[in-house]
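The values are calculated or read from the model by the stated rules, or taken from the named source; none is laboratory data. Only a predicted model underlies this, so the values are computations on that prediction, with no experimental measurement involved. Backbone-built Cβ (ideal geometry, glycine too); neighbour counts: all protein chains shown.
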Amino acid sequence: MTERCIPASDASIPDLIQAGQLRAIFGDVSDMWLWRRLKDGTLPPPIVISGRRFWRRDEIKNLIDRRFAQLPTVSAQRPCPAEKIQRLSEEGHGLASESTTGRDKGATG
């Protein structure tokens, strides 16, 4: 399938993170973990496009920054989620490709 990309110069289109990428950012958590965070209001609601869930990169980064600001220290042995977001961004993971492992298809939050 063809991969759709967001041009880096187009600031009007938000960078989006798929549910699978979000689970990886938070340490390979389950889809149930995401659902619980949505239910308790910890995570902002996703954008649903063609039945797939996406989160705005800046909203997730702000959430992580606020959470980590409340912690006394962060372990240096495990990269924090904000670093994972930065790495995904640098690797060009904006709006993800249409091909997926199937974990996000048909999932409801």
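The rows are residues; the columns are (1) assigned to a helix (DSSP H, G or I); (2) farther than 21 Å from Ser89 by Cβ.
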residue	(1), (2)
Ala24	yes, no
Trp33	yes, yes
Gly41	no, yes
Phe54	no, no
Glu59	yes, no
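Mind listing whichever residues of the stretch 51-63 are surrounded by 18 or more Cβ atoms within 10 Å (Cβ to Cβ) and either of a type in the set (A, V, I, L, M, F, W, C) or over 8 Å from the mean Cα position of the chain (by Cα) (or both)?
First, pick out the residues of the stretch 51-63 that are surrounded by 18 or more Cβ atoms within 10 Å (Cβ to Cβ): 52-55, 57, 60-61.
Passing the criteria: Arg52, Arg53, Phe54, Trp55, Ile60, Lys61.
Inspect all residues belonging to the stretch 15-22 and state whether any of them is touching a Leu at 6+ places or on another chain (Cβ under 7 Å), in a helix (DSSP H, G or I), among the hydrophobic types (A, V, I, L, M, F, W, C) and at pLDDT below 95. Taking every residue of the stretch 15-22 in turn, at least one turns out to be touching a Leu at 6+ places or on another chain (Cβ under 7 Å), in a helix (DSSP H, G or I), among the hydrophobic types (A, V, I, L, M, F, W, C) and at pLDDT below 95.
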